[in-house]
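Have a look at the structure below, then the notes.
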Amino acid sequence: MKLFSVLFTSYVAMAAGLSTPNAKAAVPVKAAVPVKAADKPLIVPLSQKAAVGMGMILAFNSGAVNSATLSGLLAEGTKMGTAAVTGAWTNSAIGAASAVQGAAASQFLFNTKCIASYICGAIISGLVIPEPKAFEIDVKKTLPLFAIASGLLATSAVFAKASNVKYFYFALLANGLQNSFTSTLTANLCRTSHFTGISSDMGTFIGQILGGNKTNQGRLKNVALVAASFWTGGFLSFGWTKTFGHNVLFGAASVHLAFAAWVAMKARGSSKTA
């Protein structure tokens with residue numbers, strides 16, 4: 001009986017406790033779920049020396065493309081510079097003025113399309129890398145940029161083989177993209193397609209040095225190397241284009257793929273040492 005009394009009392013106490021309005025049910029503790037941190041961009045730092053080296057190779061490539069398109073050896077003799085569009089701006093204006101006076105609008109339309117192509121190439125670069133940082137390669141964004149440039153030049157080669165003047169537009173797209181990318185990456189140290197600005201810089205720096213100010217002596221050396229590479233690319237490309245024709249543009253496309261492979265290799269090395 002004593003044992004029964006103890007058990008009954010315990011049961012009543014338990015029942016009273018479970019039915020108490022203020023009693024709080026035990027809250028199950030959820031296991032902590034680790035929050036995945038935002039993936040940090042993989043950045044490959046670029047020294048000034050490496051930037052100039054890259055600029056020299058890409059300037060050589062741009063010079064080769066420009067020589068091929070300006071030589072008249074492709075597309076049945078039609079000539080058009082594709083490394084810059086300074087002349088196209090004036091030719092477009094002349095074409096528009098001629099059209100107003102009754103001439104055909106073909107000159108205006110062609111040169112306007114060339115200008116738009118170069119600008120669109122730069123737009124692509126800005127869209128892919130909207131917040132560039134000087135001397136820092138964002139691997140995830142730079143790889144597709146090189147792939148796009150390579151594809152544009154390969155497409156240009158296909159049109160050039162068919163003697164279709166549309167090949168100019170794709171070469172202009174590629175050079176506009178490249179010039180925008182290298183300019184922003186190197187804080188305008190290496191502009192690898194358009195050399196009017198670099199020519200002006202060289203003259204300015206030489207004048208400063210002659211006047212006793214040697215602050216930009218090192219910068220003069222760097223831009224002179226890039227300019228010499230562009231000239232050399234144009235010189236060699238003329239003979240190559242006579243021999244290999246449109247395949248010169250395929251060769252230029254492969255240079256961008258080679259740079260994509262180089263960036264990927266550098267990124268892999270950086271990730272292993274991190």
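The values are calculated or read from the model by the stated rules, or taken from the named source; none is laboratory data. What you see is a predicted model, and the numbers here were worked out from it, not measured in a lab. Cβ atoms come from the backbone with ideal geometry, glycine included; neighbour counts cover every protein chain shown.
Worth pointing out:
- Test: residue in the stretch 217-231 that is outside any helix (DSSP H, G or I) and either loosely packed, with under 12 Cβ neighbours inside 10 Å or touching a Phe, Trp or Tyr at 6+ places or on another chain (Cβ under 7 Å) (or both): no
- Subset of the stretch 124-139 that is charged (D, E, K, R) and over 11 Å from the mean Cα position of the chain (by Cα) - its residue that is farthest from V255 (Cα to Cα): E131
- Residue list for the stretch 255-274, filter: exposed (fewer than 14 other Cβ atoms within 10 Å of the Cβ) and either modelled with pLDDT under 95 or in contact with a Leu (Cβ under 9 Å, 6 or more places away or on another chain) (or both): M265, R268, G269, S271, K272, T273, A274
- Extreme residue, surrounded by the most Cβ atoms within 10 Å (Cβ to Cβ), among residues of the stretch 84-102 that are of a type in the set (V, I, T) and part of a helix (DSSP H, G or I): I94
- All positions within the stretch 176-216 that are charged (D, E, K, R), closer than 23 Å to L143 by Cβ and in a helix (DSSP H, G or I): none
- Considering residues of the stretch 140-157 that are of a type in the set (G, A, S) and closer than 18 Å to G55 by Cα only, the residue surrounded by the most Cβ atoms within 10 Å (Cβ to Cβ): A149
- Here I209 fulfils each of the conditions (1) free of Cβ contacts under 8 Å to residues at least 40 places away in the same chain; (2) buried (at least 24 other Cβ atoms within 10 Å of the Cβ) apart from (2).
- Qualifying residue in the stretch 189-198 (condition: modelled with pLDDT of 95 or more and more than 19 Å from the chain's Cα centre (by Cα)): no
- For the stretch 159-201, residues that are hydrophobic (A, V, I, L, M, F, W, C), farther than 30 Å from E131 by Cβ and surrounded by fewer than 24 Cβ atoms within 10 Å (Cβ to Cβ) total 3.
- Of all residues making up the stretch 235-251, the number that are crowded, with 20+ Cβ neighbours inside 10 Å and of a type outside the set (A, V, I, L, M): 3
- The stretch 39-59: number of residues that are farther than 15 Å from S183 by Cα and crowded, with 23+ Cβ neighbours inside 10 Å: 0
Here is a yes/no grid of residues against (1) assigned to a helix (DSSP H, G or I); (2) in contact (Cβ under 8 Å) with a residue 24 or more places away in the chain; (3) of a type in the set (V, I, T):
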| site | (1), (2), (3) |
| --- | --- |
| L73 | no, yes, no |
| A104 | no, no, no |
| K113 | yes, yes, no |
| G126 | yes, yes, no |
| P144 | yes, no, no |
| I148 | yes, yes, yes |
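- The single residue among I119, I137 that is aliphatic (A, V, I, L, M), on the phi < 0 side of the Ramachandran plot and in contact with a strand residue (DSSP E or B) (Cβ under 6 Å, 6 or more places away or on another chain) turns out to be I137.
- Selected residue (only one of L109, L46 is touching an Asp or Glu at 6+ places or on another chain (Cβ under 8 Å) and more than 27 Å from F250 (Cβ to Cβ)): L46
- Of the residues examined, I137 is one that is part of a strand (DSSP E or B) and either crowded, with 18+ Cβ neighbours inside 10 Å or out of contact with any Leu (no Cβ under 8 Å at 6 or more places or on another chain) (or both).
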